């Protein structure tokens, strides 16, 4: 029955959305090891190399080497204080604000949670929020700090 399974042609393999998951056309499907398969993906379709390398690492070392650990915001909160803030360095598309709001609500801080997106001229508002936060025990979230790098030195002093 295994012979009845349709084998991919090179054209189909190269057009595949996930070539790292496909079986290579014969005879390479049995002659190449996982590393060699990843290198073949690089040669044939370099846009798929990252997927191929991930598949190689998963096969050779285990899935735990390519999976991001779950973020423990509660644990971070326990490690922070009014003088040790939580700083998020995010990848594109990541936005923890919904988690922060939910955590603020769970900790009874919903009414004491303020956020501001930084940019030119927002430093005055941010400084006021920080002062209020220190006085009233609030949580202040400064977003998009990368947009106002010229103010980061002043923020560090605060």
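A few notes on this one:
- Residues (surrounded by fewer than 17 Cβ atoms within 10 Å (Cβ to Cβ) and touching a helix residue (DSSP H, G or I) at 6+ places or on another chain (Cβ under 6 Å)) located in the range 115-137: 119
- Test result for residue 147, outside the structural domain of residue 35 (by TED's automatic domain parsing) and surrounded by 12 or more Cβ atoms within 10 Å (Cβ to Cβ): yes
- Any hit, the range 18-39, residues being loosely packed, with under 10 Cβ neighbours inside 10 Å and either in the same structural domain as residue 140 (by TED's automatic domain parsing) or at pLDDT below 75 (or both): no
- For first residues located in the range 140-158 and on the phi > 0 side of the Ramachandran plot, partners that are surrounded by 13 or more Cβ atoms within 10 Å (Cβ to Cβ) and in a strand (DSSP E or B) and lie 6+ apart or on another chain with Cβ distances below 8 Å form the pairs 144/117.
- Within the range 7-117, helices (runs of 4 or more DSSP H) holding 2 or more residues that are within 30 Å of residue 135 (Cα to Cα) and over 23 Å from the mean Cα position of the chain (by Cα): 97-106
- Test: residue in the range 131-140 that is assigned by TED's automatic domain parsing to the domain that holds residue 39 and assigned to a loop (DSSP other than H, G, I, E, B): no
- Evaluated against (1) crowded, with 16+ Cβ neighbours inside 10 Å; (2) farther than 15 Å from residue 142 by Cβ, residue 102 falls short on exactly one condition, (1).
- Single unsatisfied condition, residue 120 versus (1) part of a helix (DSSP H, G or I); (2) farther than 23 Å from residue 74 by Cβ; (3) in contact (Cβ under 8 Å) with a residue 24 or more places away in the chain: (1)
The values are calculated or read from the model by the stated rules, or taken from the named source; none is laboratory data. Remember, it's a predicted structure, so these values are computed and weren't measured experimentally. Every residue, glycine as well, gets a Cβ built from its backbone with ideal geometry; the counts of neighbours run over all protein chains shown.
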